[in-house]
1. Taking helices (runs of 4 or more DSSP H) that fall entirely within region 278-339, which contain at least 1 residues that are within 16 Å of the ligand (Cβ to nearest atom) and touching a strand residue (DSSP E or B) at 6+ places or on another chain (Cβ under 9 Å)?
2. Could you tell me whether Ala217 is small (Gly, Ala, Ser), touching a strand residue (DSSP E or B) at 6+ places or on another chain (Cβ under 8 Å) and at pLDDT below 95?
3. For region 293-319, enumerate the residues that are surrounded by 14 or more Cβ atoms within 10 Å (Cβ to Cβ) and more than 30 Å from Thr38 (Cβ to Cβ).
4. Report the residue count in region 146-159 for those that are near the ligand (Cβ under 10 Å from one of its atoms) and either modelled with pLDDT under 95 or not in a loop (DSSP other than H, G, I, E, B) (or both).
5. One residue is enough: does region 75-95 have a residue meeting the conditions under 26 Å from Thr11 (Cβ atoms) and surrounded by fewer than 20 Cβ atoms within 10 Å (Cβ to Cβ)?
6. Please go through (1) touching a residue at least 40 places away in the same chain (Cβ under 8 Å); (2) away from the ligand (no atom under 15 Å from the Cβ); (3) of a type in the set (Val, Ile, Thr) for Thr181 and return the number of the only condition it doesn't satisfy.
7. Filter region 167-182 down to residues that are surrounded by 21 or more Cβ atoms within 10 Å (Cβ to Cβ) and under 25 Å from Phe51 (Cα atoms) and give me whichever is modelled with the lowest pLDDT.
8. Only one of these is within 13 Å of the ligand (Cβ to nearest atom) and not in a helix (DSSP H, G or I): Ala122, Ala112. Name it.
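The values are calculated or read from the model by the stated rules, or taken from the named source; none is laboratory data. These numbers come from a predicted model, not from an experiment. All Cβ positions, even for glycine, are placed from backbone atoms using ideal geometry, and neighbour counts span all protein chains on display.
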Amino acid sequence: MTPTERLDLATIESLACDALLAKGFSHGQASAIASNVTAAERDGCLSHGLFRIPFYVAASGNADCDPTAEPVLFQPDGAVVHVDAGHGFCPHALDVGLEPLADTARQYGIAALAVRRVYNIAALWPEVERLATEGLTAFAFTASNACVAPAGGTKPVFGTNPMAFGFPRSSGPPLVFDQATSASARGEIQLHKREGKSLPEGWAIDADGQPTTDPEAALAGAQLPFGGYKGSSLSLMVELLAGPLIGELSSRESAAHDVNKTGAPFGGEFLIAIDPQRCAPPGQAVDHDARAERILADVLAQDGTRLPSSRRFAARERSLVDGVDVSVHLLETIRGYCA
Ligand code: NDP
């Protein structure tokens, strides 16, 4: 078993922030990333927790990366809000763009946020959860570095291209899902490699296009979309929304841009927010909440089901009280940055 050390969440956040500050990140960038990775540790999403700090540090070494960038908000007339992240990282860009997105969605009923020129190595659930907690239905999409072959093919075209969805609930935390459109996130393959574990079948093919369960061979070959051609189409949709639609890089272009092979995708994130109150037919009230709760209750009435994010929310309850166990090896690396 990997040796671990138990830390409370405040300690994790200040350690992450101090490490990034020591590596030349501005306070705005460092604190936004630290808050993001701490939320991932808190919710048991280890592939996007402190594990990501070395990736942020490596990406900051890219010639065009600016770990001190101040994102710039543009809001021309209309319902699309723009943030130019200035070659910085996504958490800080979202700190700048999410509130204007929410305000604009309330104004028009629906709004979009196009985040451009951004390094994005974070999970997407924090942004859709935040919007849904404010009463908005939310979607988020980002392309990444090409590593996934389209259904039927053998060469990477898509990134792991995640998409996230949030739906507000008055009874408690929103319904949220956040999933790669590949059979697994790339971080999961990296974690399997680090821990010397085989991959489940169906996650990847090797460089010759043959199915593999070896993480090393998978990283050299291609990951597979989930669910065959259906996941492949969703990955294509994410690629088009977060790339060409907002004038940003495709996953292949992002991989070519990553000359130092840091694994950090560069390009765009696209978000949509909808105000449910503005979706009712004119002159009629719709009790979205009660109607949605009936559907969720029907799902949960069956043995073997659960709602997406229920695992995260349960982990959150535990870690707020008990803290979380972090790999000693990872802590040594991150503390080394501060030294
Ligand atoms: P998972 O397959 O672990 O989970 C996907 C979603 O399904 C989660 O919302 C999860 O909820 C839910 N879920 C899992 N099991 C069940 C179940 N039995 N019933 C109902 N819902 C379930 O995630 P992925 O590996 O696909 O992605 C992991 C993360 O990687 C995501 O946060 C994604 O944003 C991120 N990512 C980021 C990229 C980037 O470039 N920035 C690229 C690719 C991925 P729960 O959390 O509660 O388990």
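1. Per the criteria, 288-300, 310-322.
2. When the stated conditions are applied, Ala217 does not pass them.
3. If the condition is that a residue be surrounded by 14 or more Cβ atoms within 10 Å (Cβ to Cβ) and more than 30 Å from Thr38 (Cβ to Cβ), then Glu293 is the only one that fits.
4. 1
5. So far as region 75-95 goes, yes, one or more of its residues are under 26 Å from Thr11 (Cβ atoms) and surrounded by fewer than 20 Cβ atoms within 10 Å (Cβ to Cβ).
6. Of everything listed in (1) touching a residue at least 40 places away in the same chain (Cβ under 8 Å); (2) away from the ligand (no atom under 15 Å from the Cβ); (3) of a type in the set (Val, Ile, Thr), Thr181 misses just condition (2).
7. Across region 167-182, the extreme among qualifying residues is Ala180.
8. Matching residue, one of Ala122, Ala112: Ala122.
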